[in-house]
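Encoded as structure tokens, the structure appears first; notes follow it.
The values are calculated or read from the model by the stated rules, or taken from the named source; none is laboratory data. The model shown is predicted, which means the values in this text are computed figures rather than measured ones. A quick note on method: Cβ atoms are made from the backbone with ideal geometry, for glycine too, and the neighbour counts reach across all protein chains shown. The accessibility values were calculated without ligands, DNA or RNA, using every heavy atom of the protein model including side chains. Shrake-Rupley method; radii C 1.70, N 1.55, O 1.52, S 1.80 Å.
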Amino acid sequence: MKTKPVNQHNFSSELVIRDELEKRGWALSALSEAAAALARANSTELLIQEVCQAIAAQGPYVLAWVGQAEGDAFKTVKVVGVAGAASGYIKDIVVSWSNSEVTGRGPAGSCIRNNKTSVVIDGEIDPGFVAWRERAKGFGIRSAIGCPIPDGITGIPFGVLMVYSKVPNTFGASEVQLFESLAKEIGFGLRSIERQHKLDDQIHEKELTQERLATALRATIEAMSKTMEWRDPYTAGHQKRVASIAMAIGRQLGWDNERIQAIYMAAMVHDIGKMAVPSEILTKPSRLTDLEMQMVQGHVEAGYQILKDIPFPWPIADMVRQHHERLDGSGYPLGLKDEQISQEGRVLAVADTIEAMATHRPYRPAKGLNSAMDEIQAEAGTKLDAKVVEAAFKLLKNENELQKILDVH
């Protein structure tokens, strides 16, 4: 029985196809792993390093590095990331993207200079690789590819992606296309991270500006409050104590920090309208006449008029206008009822009542904290908000936080 002769042509074609598929498989694996690294990286250093590691872990790739094109006189190619078994190859190596006879004629330099992919098919015979041939042999390097990494702004690339293989002729047309795509993605990733960092810097600067403005606003509010206290020494510290009580109630109600800052600002100037009331009335040691009482009550509207045109980030003027309003409509100046009164206005009403009754006034001695709490308890649900009153009682039970506030200020 005769055997069929082996068709050498078909056998050779199958080997070529197998080799091509194998090379493409290496490149695809490298591209896939590198893409995953690009997706998770949040810094340029991490992006470059992880991409290099992802490439160097595939098939015959013994080295991957990224070089950045510097703008110095020598036109240095600065190594910014490297990975692989042959990493020692790039150590202390001098690479330039100038038109130098030696340093600029290798795959990395010519790739950047010409903004075009450079391929070393076999380092042992490639005339452009002569300067590095012996060094490459020591690390088992036979072929290489350099792909330009675009910077997206100028015509000069950001740098180059270099990949080295221990197998000659590793980088055919398909592999070139894949690594060029990867180099473009690296460029896109670097620009995205740079934009994000710029955005983060802008956000941080904006936050610092807002913080400085908030500090300046707080200082201005406190200065306004101090001016009021100088004019009316009998109520010195009143607004600050009301502010501390209001903030503590706000925290008890679960308010966020911004809302607590708002109630603090409003409380610190809630009586600023008393600037329009004659000082002899404010300090009068006896009962006020009906006309004098009307003048004192007018401080609420006066305060609103003083504050309403100031561009606060919160409705401070409205909060101040409502601190003497009551749920049943018996308050002033507008006789608001129920939901017409803001939560901040309700908190100020309770805090102001507690402080006013618990401390000394020109026309009467202090009634004490217990009497003040009895008063707000009696008015809870009718004139004062029951939840706000409940929060105030929790402060009283919480190591008597209210008394500590009154004692400190």
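Within the shell of other residues whose beta carbon sits under 10 angstrom from the beta carbon of ASP352, the net charge comes to -1, with Lys and Arg scored +1 and Asp and Glu -1.
Here LYS78 is the anchor, and the aspartates and glutamates within straight C-alpha reach of less than 12 Å, apart from those fewer than 8 places off in the same chain, are GLU70, ASP92. Near the amide H of LEU384, within less than 5 Å, lie the amide hydrogens of LEU327, all on another chain or at least 5 residues away, with H placed in the peptide plane. Residues whose amide H lies under 5 Å from that of ARG361, counting only those 5 or more places away or on a different chain, are ALA366; hydrogens are built 1.01 Å from N in the peptide plane.
With θ taken as phi - 60° and the Karplus curve 6.51 cos²θ - 1.76 cosθ + 1.60 applied, the whole-hertz 3J(HN,Hα) list for region 127-142 is x, x, 10, 4, 4, 10, 4, 5, 4, 5, 4, x, 10, x, 8, 10 Hz, x standing for glycine and proline.
For region 40-54, 3J(HN,Hα) computed residue by residue from phi via the Karplus equation (6.51, -1.76, 1.60; θ = phi - 60°) reads 9, 6, 10, 8, 4, 5, 5, 4, 5, 5, 6, 5, 4, 5, 5 Hz, glycine and proline entered as x. Residue by residue, region 364-373 carries 3J(HN,Hα) couplings of 6, x, 4, 8, x, 5, 4, 5, 4, 5 Hz when phi is fed to the Karplus relation 6.51 cos²θ - 1.76 cosθ + 1.60 (θ = phi - 60°); x denotes Gly or Pro. Find out how many positive minus negative residues lie around LEU199, taking Lys and Arg as positive, Asp and Glu as negative, among other residues whose Cβ is under 15 Å from that of LEU199. The answer is -1.
In region 348-409, one over the average inverse separation of all distinct C-alpha pairs is 11.7 Å, which is the Kirkwood hydrodynamic radius.
Do the alpha carbons of any pairs in LYS284/LYS397; LYS308/LYS367; LYS206/LYS383; LYS75/LYS137 sit beyond 32 Å of each other, and which pairs? Cα-Cα > 32 Å for LYS284/LYS397; LYS308/LYS367; LYS206/LYS383; rest within. From its DSSP helices (H runs of at least four residues, each -39,500 (n - 2.57)), the chain gives a residue-normalised ellipticity at 222 nm of -17500 deg cm²/dmol. Other residues with beta-carbon under 15 Å from the beta-carbon of ARG287 carry, at +1 per Lys or Arg and -1 per Asp or Glu, a net charge of 0.
If you filter region 46-150 for GluC sites (Glu not before Pro), then keep DSSP loop positions with at most 11 other Cβ within 10 Å, what is left? Sparse-neighbourhood loop GluC sites (Glu not before Pro): GLU101. Expressed as a whole percentage, what fraction of the accessible surface of the chain belongs to carbon and sulfur atoms when a 1.4 Å probe is rolled over the protein heavy atoms? Carbon and sulfur together cover 53 percent of it.
Calculate, for region 49-183, the solvent-accessible area per residue in square angstrom, rolling a 1.4 angstrom probe over the heavy atoms of the protein chains. List each step's numbers first, then the result.
On the way: 5710 Å² over 135 residues.
Ligands and nucleic acids excluded, the result is 42 Å² per residue.
The listed residues VAL388, VAL94, once ranked by accessible area (1.4 Å probe) with the largest placed first, stand as VAL94, VAL388.
Using Cβ point charges alone (K and R +1, D and E -1), the dipole size of region 202-298 about the Cα centre works out to roughly 180 debye.
A straight Cα-to-Cα reach below 17 Å connects LYS404 with the aspartates and glutamates ASP352, GLU355, residues fewer than 8 places away in its own chain not being considered. For the residues ASP151, ASP19, ASP200, a GNM of the chain with alpha-carbon springs under 10 Å puts the largest fluctuation on ASP19. Please label the shape of region 289-348 as rounded, prolate or oblate, based on the square roots a ≥ b ≥ c of the eigenvalues of the alpha-carbon gyration tensor (a/c under 1.5 means rounded; beyond that, a/b larger than b/c means prolate, else oblate). Oblate, since a/c reaches 1.5 and b/c is not below a/b.
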